[in-house]
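Trainee: The structure under discussion is supplied below as structure tokens; questions concerning it will follow.
The values are calculated or read from the model by the stated rules, or taken from the named source; none is laboratory data. Bear in mind the structure is a predicted one, so any value in this text is a computation, not a measurement. Ideal geometry is used to build each Cβ from the backbone, glycine not excepted, and the neighbour counts take in all protein chains shown. Keep in mind that these areas ignore ligands, DNA and RNA; they rest on the heavy atoms of the full protein, side chains included. Shrake-Rupley method; radii C 1.70, N 1.55, O 1.52, S 1.80 Å.
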There are 2 protein chains.
Amino acid sequence: MESNLTNLFLAKRTKHIRSSLIREILKITVKDSEFLSFAGGLPNPNLIERELLQKATEKTLISSAESALQYGDSTGVSELKQLILDTFVGMEGCDTNSICITHGSQQGLDILGKLFMEEDTNVLLEDPVYLGALQAFSPYQPKFFSLALEADGPSLSKLREILSSRRIHCFYTNPSYQNPSTITWTVEKRIAVAELLDEYEVILFEDEAYQFLDFSGTVYPSIASFRKNKDLTFVLGSFSKIISPGFRLGWVVVPNVYLEMFTRIKQGNDLNSNQFSQIVLLNLLSRFDFKEHCSKIQSYYHKQKQHLVDCLARYLPEVRFQNPQGGMFLWVEYPNVSEKEMMQHLMEKKVVMVPGNEFRLLDSDSAYFRMNFSFLQTVDMEEGVKRIASVYRDIIT
Amino acid sequence: MESNLTNLFLAKRTKHIRSSLIREILKITVKDSEFLSFAGGLPNPNLIERELLQKATEKTLISSAESALQYGDSTGVSELKQLILDTFVGMEGCDTNSICITHGSQQGLDILGKLFMEEDTNVLLEDPVYLGALQAFSPYQPKFFSLALEADGPSLSKLREILSSRRIHCFYTNPSYQNPSTITWTVEKRIAVAELLDEYEVILFEDEAYQFLDFSGTVYPSIASFRKNKDLTFVLGSFSKIISPGFRLGWVVVPNVYLEMFTRIKQGNDLNSNQFSQIVLLNLLSRFDFKEHCSKIQSYYHKQKQHLVDCLARYLPEVRFQNPQGGMFLWVEYPNVSEKEMMQHLMEKKVVMVPGNEFRLLDSDSAYFRMNFSFLQTVDMEEGVKRIASVYRDIIT
């Protein structure tokens, strides 16, 4: 921001708005094809059969053009809502009206921020936390609190300690293959946390973007499904990781009591989600075997993960990580370096990963990097790890 | 909202969030095909050649699937930004980087609200005003002020009076075939208002959604183009009225000094706009004659308007309106009735229009209705006007 006049006009909330290094990196790597990027959370776009997609768009323009090319219901196309309910939301007490289709689950986070957060709202986040949630919530200026994660989910004693020491209004979590830590909560922890949230009357925002990316096909029950107070649970889902982020479609399971206000906010944000993409997606999903498609993604990502694990074992035996059984990332600790120093040299060598502090409220001294394994071809992955290893070795020796 | 617990959690801003009767009406008329609706701002979806669109989607999936099915730049696909700049934005001092593609221009309004508006922000609106702008801005709780419109734009003396009596930060206007009043500013008023806004250092949000819907093809120069202080001008455009609202794509011309913050907000809102639709649209626009397409829309809408004007002259000679030379609406005053009473009976007769007070900060006693002429077939339009006439005559006699 250059002039005083310019600053004069900005709303105070803009001081709290975070940038995203990931988006900056994405811009650079899109422009320079020599960059090898472990940075994005990019699914592999080749896992969707083009022919099926072609047929789905054809059918959309032949049979449903009038609605596909028009404004629509702010909560989404009802047939797609029904399909989401039947296929992806295994939760009692919901019906089609509970589903609101959003412009990616990121928009769901923004709407929840607008609906619930202001200066005296206490919001509990995981440490580390999905960066996009920080970006969505920060403009509403709530107070953030952090909950450290253990290998199988949050520490229950720490959670109780936080909940009993102050009024926490909302808890945002990403309990399956968390972005970035890859930590997945056990069913026991889901049940126990649901009970604690009921006891302390906390609103849950459960982001299940990676729910269907378990390599063995396991789908963990949502925390929300164990809550007694369903009025205080929102579950977010996304087509970005299982179909394609190009359609920018996700959904939120919204409790009845908040439905009207959620819908009004959605209207003010963008009137309604993209009708054309909603109907293409509906036609695509109606003509293909979702379970088979998931297995294909899962086994492909499994192989990719194993390849990255092997490359790290071979070229960077010093690094540490929890070997995840799903998702798209490794969360890797690099001993005896700083994230900042690593980043500078990585950029010079044209290889990128996301530094861990991007995902934290308070910087950590340990150097962590989030490494995506879903996007790069195996040969590029190996070359990328070699470049990282040479940077790392230059620094520590 | 039912329980105290539920109310406890809502952010205070939700008290300011407006519903939209238009969206409610849209829901009813979509479900019951016997309704004849003059309510929506619905373009006619049959004006786009399906075959061209089919080819554009095919090309997208054959040549650009990798980017169409992936995340993308938060400001939009650069080739589409270039095309928008070249074809739709006739303004000096802009380059491709000035264009930010949004999820409809409605999202542009939300981002501008988030960027500039808070409790002590004074925002000047036209009276009547585009309802979507009220919905977008209200959650940020600015103070609204109203500027009455004359037949050729705002009264300059009243504008000066408002600007000199208090610090106005932002002025939102829709100067070409305004929704709902259909008023179009003359070039002289555009120049004079640009000078006043420069003098009082006011940010201009110029919403040019109907810019290309003049029946004779006239495109008025933007107010922004006459401003000296380009850092304080944002121009919003939309593909909804000229191509299709189904793609939910619009754009904002953003001054350089605000570009970074605007982009960050866009990221927090939804990461990026729909890549698939952006590339389909790019492929569509690259292979068709936009001017010819516009002429087609313009002459079709012209005929439609004339038909509605004729029907009103025949069945409802009492009503008054300014006969517009563009756009999609008539703004019709119904003497000696109240909007509320009319609405009740209209719903019973299965015909709808939008009551004028939806577009006002303070209710007016005169009964105005916004009547759309772009969507209904001529025979339905006549039947609709007959139904309205019978309701009106029942009330006044």
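Trainee: Which members of region A:280-292 meet the condition of being touching a helix residue (DSSP H, G or I) at 6+ places or on another chain (Cβ under 8 Å) and open to solvent by 10 Å² or more (accessible area, probe 1.4 Å)?
Mentor: A:Leu282, A:Asn283, A:Leu285, A:Ser286, A:Arg287, A:Phe288, A:Phe290
Trainee: Answer yes if at least one residue in region A:314-335 is part of a helix (DSSP H, G or I) and either open to solvent by less than 10 Å² (accessible area, probe 1.4 Å) or modelled with pLDDT of 95 or more (or both), and no otherwise.
Mentor: yes
Trainee: Among what's in region B:229-277 and is touching a His at 6+ places or on another chain (Cβ under 8 Å) and more than 9 Å from every other protein chain (Cβ to nearest Cβ), pick the residue that is modelled with the lowest pLDDT.
Mentor: Restricting to residues being touching a His at 6+ places or on another chain (Cβ under 8 Å) and more than 9 Å from every other protein chain (Cβ to nearest Cβ), the top hit is B:Ile242.
Trainee: Is one or more of the residues making up region A:368-380 out of contact with any His (no Cβ under 6 Å at 6 or more places or on another chain), at pLDDT below 95, open to solvent by 30 Å² or more (accessible area, probe 1.4 Å) and not in a strand (DSSP E or B)?
Mentor: yes
Trainee: Take region B:56-90 and flag every residue that is polar (S, T, N, Q) and assigned to a helix (DSSP H, G or I).
Mentor: Once the filter is applied, which keeps residues that are polar (S, T, N, Q) and assigned to a helix (DSSP H, G or I), region B:56-90 yields B:Thr57, B:Thr60, B:Ser63, B:Ser67, B:Ser78, B:Gln82, B:Thr87.
Trainee: Looking at (1) facing chain A (nearest Cβ under 8 Å); (2) touching a helix residue (DSSP H, G or I) at 6+ places or on another chain (Cβ under 9 Å); (3) under 30 Å from A:Arg264 (Cβ atoms); (4) of a type in the set (A, V, I, L, M, F, W, C), find the lone condition where B:Leu69 falls short.
Mentor: So B:Leu69 meets the others, but not (3).
Trainee: Report the residue count in region B:225-237 for those that are free of Cβ contacts under 8 Å to residues at least 60 places away in the same chain and outside any loop (DSSP other than H, G, I, E, B).
Mentor: Final tally of qualifying residues: 4.
Trainee: Could you grab me the full set of residues in region A:343-367 that are over 22 Å from the mean Cα position of the chain (by Cα) and open to solvent by 10 Å² or more (accessible area, probe 1.4 Å)?
Mentor: Here is the first cut: in region A:343-367, the ones over 22 Å from the mean Cα position of the chain (by Cα) are A:343-351, A:365-366.
Matches in region A:343-367: A:Met343, A:Gln344, A:His345, A:Met347, A:Glu348, A:Lys349, A:Lys350, A:Asp365, A:Ser366.
Trainee: Is it the case that region A:278-289 has a residue that's within 14 Å of chain B (Cβ to nearest Cβ), in contact (Cβ under 8 Å) with a residue 24 or more places away in the chain, under 21 Å from the mean Cα position of the chain (by Cα) and part of a helix (DSSP H, G or I)? Spell out the reasoning first.
Mentor: Within region A:278-289, the first condition is being within 14 Å of chain B (Cβ to nearest Cβ), and the residues that meet it are A:278-284.
Filter once more, so that each one left must be in contact (Cβ under 8 Å) with a residue 24 or more places away in the chain: A:278-284.
Pick out the ones that are also under 21 Å from the mean Cα position of the chain (by Cα) and you get A:278, A:281.
Now narrow it down to the ones that are part of a helix (DSSP H, G or I): A:278, A:281.
Yes, region A:278-289 contains at least one residue that is within 14 Å of chain B (Cβ to nearest Cβ), in contact (Cβ under 8 Å) with a residue 24 or more places away in the chain, under 21 Å from the mean Cα position of the chain (by Cα) and part of a helix (DSSP H, G or I).
Trainee: Taking the condition of being open to solvent by less than 30 Å² (accessible area, probe 1.4 Å) and either touching an Asp or Glu at 6+ places or on another chain (Cβ under 8 Å) or over 21 Å from A:Ala11 (Cβ atoms) (or both), how many residues in region B:109-128 meet it?
Mentor: 4
Trainee: Could you go through region B:150-173 and let me know if any residue there is assigned to a loop (DSSP other than H, G, I, E, B) and within 26 Å of B:Arg23 (Cβ to Cβ).
Mentor: Looking for residues that are assigned to a loop (DSSP other than H, G, I, E, B) and within 26 Å of B:Arg23 (Cβ to Cβ), one finds none in region B:150-173, hence no.
Trainee: Which ones in region A:310-364 are closer than 20 Å to A:Ser19 by Cβ and of a type in the set (A, V, I, L, M)?
Mentor: A:Met342, A:Met343, A:Leu346, A:Met347, A:Val352, A:Met353, A:Val354, A:Leu361, A:Leu362
Trainee: Filtering region A:174-224 down to residues that are outside any helix (DSSP H, G or I), within 14 Å of chain B (Cβ to nearest Cβ) and open to solvent by 10 Å² or more (accessible area, probe 1.4 Å), which residue is farthest from A:Ser146 (Cα to Cα)?
Mentor: Looking at residues that are outside any helix (DSSP H, G or I), within 14 Å of chain B (Cβ to nearest Cβ) and open to solvent by 10 Å² or more (accessible area, probe 1.4 Å), I get A:Ala209.
Trainee: Can you say whether B:Thr57 is in contact with a Ser or Thr (Cβ under 6 Å, 6 or more places away or on another chain), open to solvent by less than 20 Å² (accessible area, probe 1.4 Å) and facing another protein chain (nearest Cβ under 8 Å), as far as the supplied structure shows?
Mentor: yes
Trainee: Can I ask one more? Suppose we filter region A:30-50 for residues that are more than 8 Å from chain B (Cβ to nearest Cβ), surrounded by fewer than 20 Cβ atoms within 10 Å (Cβ to Cβ) and closer than 23 Å to A:Gln344 by Cβ; how many remain?
Mentor: 5
Trainee: Could you pull out the residue among B:Lys55, B:Lys31 that is in the same structural domain as B:Leu362 (by TED's automatic domain parsing) and either of a type outside the set (A, V, I, L, M) or within 17 Å of B:Phe276 (Cβ to Cβ) (or both)?
Mentor: B:Lys31
Trainee: Now for a separate question. Could you list all residues from region A:73-87 that are open to solvent by 10 Å² or more (accessible area, probe 1.4 Å) and of a type outside the set (Lys, Arg)?
Mentor: Selection gives A:Asp73, A:Thr75, A:Val77, A:Ser78, A:Glu79, A:Gln82, A:Leu83, A:Leu85, A:Asp86, A:Thr87.
Trainee: Would you point out which residue out of A:Ser63, A:Ser98 is among the polar types (S, T, N, Q), more than 9 Å from chain B (Cβ to nearest Cβ) and open to solvent by less than 40 Å² (accessible area, probe 1.4 Å)?
Mentor: On inspection, the qualifying residue turns out to be A:Ser98.
Trainee: Just the residues that are under 23 Å from the mean Cα position of the chain (by Cα) and over 20 Å from A:Ala151 (Cβ atoms), please, taken from region A:332-342.
Mentor: The one that is under 23 Å from the mean Cα position of the chain (by Cα) and over 20 Å from A:Ala151 (Cβ atoms): A:Glu339.
Trainee: Follow-up question, since we're still on this one. Please specify each residue of region A:146-182 satisfying the condition of being of a type in the set (Gly, Ala, Ser) and at negative phi.
Mentor: A:Ser146, A:Ala148, A:Ala151, A:Ser155, A:Ser157, A:Ser164, A:Ser165, A:Ser176, A:Ser181, listed by residue number.
Trainee: Still on this structure, please answer the following. What are the residue pairs meeting all of these: first residue in region A:91-104, first residue in contact (Cβ under 8 Å) with a residue 40 or more places away in the chain and part of a strand (DSSP E or B), second residue among the hydroxyl-bearing types (Ser, Thr, Tyr) and surrounded by fewer than 24 Cβ atoms within 10 Å (Cβ to Cβ), Cβ atoms under 7 Å, and 6 or more apart or on different chains?
Mentor: Filtered contacts from region A:91-104: A:Cys100/A:Thr263.
Trainee: Okay, next question. Take region B:243-270 and flag every residue that is part of a loop (DSSP other than H, G, I, E, B) and crowded, with 21+ Cβ neighbours inside 10 Å. Quick ask: steps written out before the conclusion?
Mentor: Initial filter on region B:243-270 (part of a loop (DSSP other than H, G, I, E, B)): B:243-244, B:248-249, B:254-255.
Once the filter is applied, which keeps residues that are part of a loop (DSSP other than H, G, I, E, B) and crowded, with 21+ Cβ neighbours inside 10 Å, region B:243-270 yields B:Ile243, B:Ser244, B:Arg248, B:Leu249, B:Val254.
Trainee: While we're here: Of the numbered conditions (1) touching a strand residue (DSSP E or B) at 6+ places or on another chain (Cβ under 9 Å); (2) part of a helix (DSSP H, G or I), A:His307 fails exactly one; give the number of that condition.
Mentor: That leaves (1) as the condition not met.
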